[in-house]
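Every read-out reported here was derived from the displayed coordinates using simple, explicitly stated rules and does not represent laboratory data. Given the structure is predicted, the values throughout are model-derived calculations rather than measurements. All Cβ positions, even for glycine, are placed from backbone atoms using ideal geometry, and neighbour counts span all protein chains on display.
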Amino acid sequence: MFSDPELSPFSPESISQAIQNFRSTTHVIYNKHYQEIGTTQSSTPELNGEVIGTLPPMYPEWLGDRQFCDTHKLRFAYVGGAMARGISSSEMVIALGKIGAMGCFGSAGLHISKVEEAIHTISTALDPIGASWSVNLIHTPATPEDENALIDLYLKYGVKRISAAAFMGSNKALIRYVAKGLSLDSEGNIQRAHYLFPKVSRTEVAEHFLKPPPVKLVQELLTERAISEEEASLVLQIPLAEDLTVESDSGGHTDSRPLNTLFSSIAHQRDLIQAEYQFETPVRLGAAGSLGTPESIAAAFSLGASYVLIGSVHQSAIESGLSDLAKSMLAKADITDTIVTPSADMFEIGGKVQVLKKNTMMGLRGNRLQEIYNRYSSLDELPPAVQKEIEKSIFNDSLANIWTLTQRFFQQIDPREISRAESSPKYKMALVFRWYLGNSSKWALQGTADRQLDFQIWCGPAMGAFNRWVSGSFLQEAENRSVVQIALNLLEGAALHTRAQQLRCYGVPVQSHLTKYIPQHISY
């Protein structure tokens, strides 16, 4: 129809107006003399010609899954990721909650007393206004007692939502949290008291959360009187998670999967499992990783994401727990300024994290430590040149002194680690090397200027994409990056790009320059 050379083309002005005014009803008009787009507040077009398409208003609040927002009492299908060690801070969670988004406090790596303090601060600010929030739970297989202690804390203080990170499947701690408080309403529908938001990047891991928990583990919890008979019965009738976050190429721990292939694969898996079990409420999938621009947010929703989860970009926000120095480094990053390096918590098994590469040597130095660890069996086996390299170029201290500091640290938190190291020279070397990997993230948090080259800043390519997008706008400078303005501008731009795609579906030739969204101060 629109390829007829005798027809006048849509004017760029009318296309631009229709895209920019996405909160109004849009009519696509066609007749033998002209093509036109009309934007009105009315459902009845005032333009002459045949209406070949009518688009209702589009709002940022309508992106994603409305059931997700209704379930969690949210205005926006937007979640702030749980960045460890309080980088996703109480202030960040509170700020997101006040606009109707959901923040997740980054509890990983913090003492339980700090987590308790954060819960009190957040609940005091958000519970009276009915805003939703969550807290992280990171998997600690070596110390399952830590997981149970946090679950006890979350249940004690009525934490209704937790983000489960680094879990390779279900376990008794997660099952107990989900089972507690399960009940039936007057119509016989199962009602959850607690919601689990696992992050997954593999289909085999996703399956554990898309299905009911294992009967054996539920029976053990029942035998231990950790849950009631009713809770045990009900938890076996629902998927362990009602909301599952599909994590692609992200900062920190990542499998570097592309979002489009990963999300579609897990969505297909979810649908097959739903067809088998016929759950009352099918599992909703969220999207995370590589989300730093309006286009990427719109693309995630078009894939079928019920919500988006933002991580790397939030680290440069005012409310982030990172130091100002680290934030300024993030604000200068480009999409290629990341590197994969060993993680402190999974060093021995080769676990990796994605970190900032620009203006820091931490990534390269971490990889060098991994190489040395893989090659030698103990610190005593290190050639003098290698020992000198580590002491002078990486640690800025002697290996002997680093071991003393390491012993002092574990004496306070877990003396068993010292005993294990004394009986295993290889493990002792791992603990010494982990001293650097662990402290490098602390130096970034504290802004230790003389260790800037050793800053470990978890970061994915979304950070560079965000910086390119906001260049020249008020969000270019880190001191202007409030998490609220970041969130609202990403959502506003995503709504605009969604409207542009809708127009394309009606044959309107939308050129890319007409969809450019420039960040602006937004008040909601």
Checklist entry - Along the range 239-246, what does the Karplus equation 6.51 cos²θ - 1.76 cosθ + 1.60 (θ = phi - 60°) give for ³J(HN,Hα), rounded to whole Hz, x for Gly and Pro? => result x, 4, 10, 8, 10, 10, 8, 8
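Assign one of three labels to the range 262-388, namely rounded, prolate or oblate, based on the Cα gyration tensor with a ≥ b ≥ c the square roots of its eigenvalues; rounded applies when a/c is under 1.5, prolate when it is not and a/b is larger than b/c, and oblate otherwise. Walk me through the numbers before you get to the answer.
On the way: a/c = 3.34, a/b = 1.62, b/c = 2.06.
Oblate.
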Checklist entry - ³J(HN,Hα) across the range 127-138 via Karplus (A = 6.51, B = -1.76, C = 1.60, θ = phi - 60°), whole Hz, x for Gly/Pro? => result 4, x, 9, x, 7, 9, 7, 8, 9, 7, 9, 9
Item to check | GluC sites (Glu not before Pro) within the range 267-344, DSSP loop, no more than 14 other Cβ atoms inside 10 Å | outcome: Glu280
Checklist outcome for this item: Scoring the chain by relative contact order with C-alpha pairs under 8 Å, at least six apart, yields a percentage of 15
Checklist entry - Using the eigenvalues of the Cα gyration tensor, what equivalent ellipsoid semi-axes result for the chain when each is taken as the square root of five times the eigenvalue, whole Å, largest first? => result 44, 30, 20
Item to check | Where GluC sites (Glu not before Pro) fall in DSSP loop in the range 134-239, at most 12 other Cβ within 10 Å | outcome: Glu187, Glu224
Next on the checklist: Using DSSP to call loops (not H, G, I, E or B), can you name the chymotrypsin sites (Phe, Trp or Tyr not before Pro) in the range 315-377 whose Cβ has at most 10 other Cβ atoms within 10 angstrom?
Outcome noted: none
Checklist outcome for this item: Helix-only [θ] at 222 nm, the chain, -39500 (n - 2.57) per DSSP H run of 4+, per residue, nearest 500, equals -12500 deg cm²/dmol
Next on the checklist: Students often get this wrong: which residues of the range 334-358 have the backbone nitrogen under 18 Å from the point 7 angstrom along Cα-to-C-beta of Leu453?
Outcome noted: 356-358
Checklist entry - Given +1 on the Cβ of Lys and Arg, -1 on the Cβ of Asp and Glu, and no further charges, what dipole in debye does the chain carry about its Cα centre, rounded to the nearest 20? => result 900
Checklist outcome for this item: Which residues qualify? For Thr338, with a placed amide H closer than 5 Å and at least 5 residues away or on another chain, they are Lys357
Checklist outcome for this item: One finds the C-alpha centres of the range 310-383 and the range 262-291 to be spaced, in Å, by 32
